[in-house]
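Single-structure report; data block below.
The values are calculated or read from the model by the stated rules, or taken from the named source; none is laboratory data. Just so you know, these numbers come straight off a predicted model, no measurement behind them. Here the Cβ positions follow ideal geometry from the backbone for every residue, glycine too, while neighbour counts run over all protein chains shown.
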Amino acid sequence: MTWQPNTTTMNKQNKSSMYIEYGNLIKELEQYMPQFKATIKDLQEPSQSFVTDFYTDVFSEFFCDVNNLTEIHINQNLTYNEMYSETVPILNMCTALKYIYSKLGIDDFGLNDICDPSSKRTYRLLQTMINFIKYSDEKIHEVDAKMKAVRNMKDTIDNFKKQKDIIVNTINKKSLDRIQRGAEIKTIAEEVKDGKSELAKIQKNRDDVLKELDKVKQEQDDIEKKCSKLCELKENIIRDINDLRAQIVEAPDLLKADHERLKRMKNEITEKKTAMMAQVSAKKQTVIILEQELAAQEKRLRLLTDVTEKNERISKLINEIESMSQKKCELEESSENLREKIEIIERERADINNKINYFTKEMEREHNSYKSKYDILNKEIDSMIKQSSHQSETIKSLDFEINKCNLRKKELETDVITIMKDFEFAKNALNELQKNFNLETIKNLMHHAQNEHFNY
């Protein structure tokens with residue numbers, strides 16, 4: 001199907017041919033826009049509601065939001081919106097249709113074509129729009145392939161973004177865990193250091209206490225031996241006294257002197273025994289204190305055991321840190337692979353841009369060729385009009401070829417603009433992805449360097 005704009009002028013057609021053309025247009029409307037109902041009377045005497053309904057269905061056919069045309073936009077800055085509730089939708093529709101028809105070769109579309117439509121012009125406008133709908137239905141398959149490629153590229157970009165987010169979140173989580181574990185390891189290391197120092201002191205005090213305890217036990221044994229000897233001596237003295245009492249002494253002075261001597265000896269022995277008992281009591285008190293100190297040392301020893309267990313935990317944490325470092329290397333390798341994929345997409349984008357440039361040059365060349373043909377045809381038309389009026393059909397044929405060429409040019413321009421917009425969007429998305437990824441990588445590396453400096 002080729003582009004066939006309506007170039008029929010109804011000035012020279014009779015009434016029967018008009019009915020035929022109206023009938024053909026109605027059939028095309030029923031085929032391509034079955035939801036829109038039109039009659040020959042609607043085409044002979046078009047009304048504002050008729051053309052408005054037609055253009056509304058046209059916008060719906062191209063998946064346009066009709067509400068955007070009927071609503072008053074904020075940027076229109078109208079003081080009293082309620083006063084323009086009827087006129088603004090018409091103006092919005094007129095602006096949109098003027099742009100569309102300008103791309104279809106009709107540059108004089110105006111407000112009268114909606115508010116005060118004429119039969120001939122309405123027929124021409126409707127026929128032009130129907131021809132464009134037929135043309136777009138046939139060309140949609142070619143555009144679908146290009147749009148599918150763009151959608152696939154967008155999906156690829158989205159997948160890369162998701163992979164990048166997962167990698168960044170994993171790196172951040174691992175970095176946070178490493179910071180927390182680093183602080184814990186530092187605290188445990190300080191506790192281990194203090195524990196080792198405290199353990200050395202405890203062991204030294206324990207050795208001193210054990211030596212002192214052995215010394216006290218030795219002194220206690222000596223004192224007990226002396227006490228045993230004194231008790232034995234006391235019993236011997238008492239036994240001697242009893243023996244002496246049983247004896248009859250003829251010399252009482254000597255006996256009295258011996259008694260005094262024995263009494264003094266008894267007192268001395270008692271004093272020595274008291275002193276010995278005081279020493280024993282003091283030594284026992286010292287033993288109690290040493291036993292308490294020994295219990296405290298054993299408690300500290302248990303603390304040291306806890307410190308040893310913490311050392312084992314530190315070893316496990318160090319192993320986990322090594323495992324995390326290995327995972328980090330794997331993530332960095334995955335990030336490098338992602339960067340390579342992005343470079344591949346960049347090269348593909350460059351190839352597509354080269355193709356677009358090639359197509360643009362081809363369209364420019366084709367446009368120049370058609371323009372030359374157009375100029376030549378115009379000259380031929382002028383010559384033929386001067387030669388004979390019956391050559392009007394040839395002029396129509398030439399106009400048809402010119403419009404077809406213009407439509408082809410505009411179609412290619414529209415395709416190129418669409419492709420350029422899509423790939424510009426993809427380019428910006430890729431650049432933003434690369435920029436964010438580089439910033440995150442630099443941030444993580446700086447953070448990692450700061451942590452290592454802090455640990456040192």
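Per-structure values
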{"read-out": "Residue within segment 17-25 that is at pLDDT 90 or above and under 25 Å from Ala96 (Cα atoms) present", "value": "yes"}
{"read-out": "Single match in Tyr84, Tyr80, Tyr99 (criterion: among the aromatic types (Phe, Trp, Tyr) and either at pLDDT 90 or above or closer than 30 Å to Glu401 by Cα (or both))", "value": "Tyr99"}
{"read-out": "Subset of segment 199-218 that is within 58 Å of the chain's Cα centre (by Cα) and surrounded by 16 or more Cβ atoms within 10 Å (Cβ to Cβ) - its residue that is farthest from Ile289 (Cα to Cα)", "value": "Leu199"}
{"read-out": "Pairs with Cβ under 8 Å, 6+ apart, first in segment 94-105 and of a type in the set (Lys, Arg), second assigned to a loop (DSSP other than H, G, I, E, B)", "value": "Lys98/Phe109; Lys98/Gly110"}
{"read-out": "Positions within segment 99-118 being closer than 22 Å to Asp399 by Cβ, surrounded by 15 or more Cβ atoms within 10 Å (Cβ to Cβ) and not aromatic (Phe, Trp, Tyr), in sequence order", "value": "Ile100, Lys103, Leu104, Gly105, Ile106, Asp113"}
{"read-out": "Checking Ser47 against (1) under 22 Å from Lys98 (Cβ atoms); (2) crowded, with 16+ Cβ neighbours inside 10 Å; (3) modelled with pLDDT of 85 or more, the condition it does not meet", "value": "(2)"}
{"read-out": "Condition check for Val192: surrounded by 12 or more Cβ atoms within 10 Å (Cβ to Cβ), over 30 Å from Arg347 (Cα atoms) and at pLDDT below 80", "value": "yes"}
{"read-out": "Test: Asn131 is of a type outside the set (A, V, I, L, M, F, W, C), assigned to a helix (DSSP H, G or I) and within 43 Å of the chain's Cα centre (by Cα)", "value": "no"}
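Results for (1) in contact (Cβ under 8 Å) with a residue 24 or more places away in the chain; (2) part of a helix (DSSP H, G or I); (3) under 30 Å from Val51 (Cα atoms), shown as yes or no for each residue.
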position: Leu125; (1), (2), (3): yes, yes, yes
position: His141; (1), (2), (3): no, yes, yes
position: Lys174; (1), (2), (3): yes, yes, no
position: Gly182; (1), (2), (3): yes, yes, no
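Table: residues versus (1) modelled with pLDDT under 70; (2) under 24 Å from Tyr358 (Cα atoms).
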position	(1), (2)
Met384	yes, no
Glu393	no, no
Lys404	no, yes
Arg408	no, yes
Glu411	no, yes
Val416	yes, yes
Lys421	no, yes
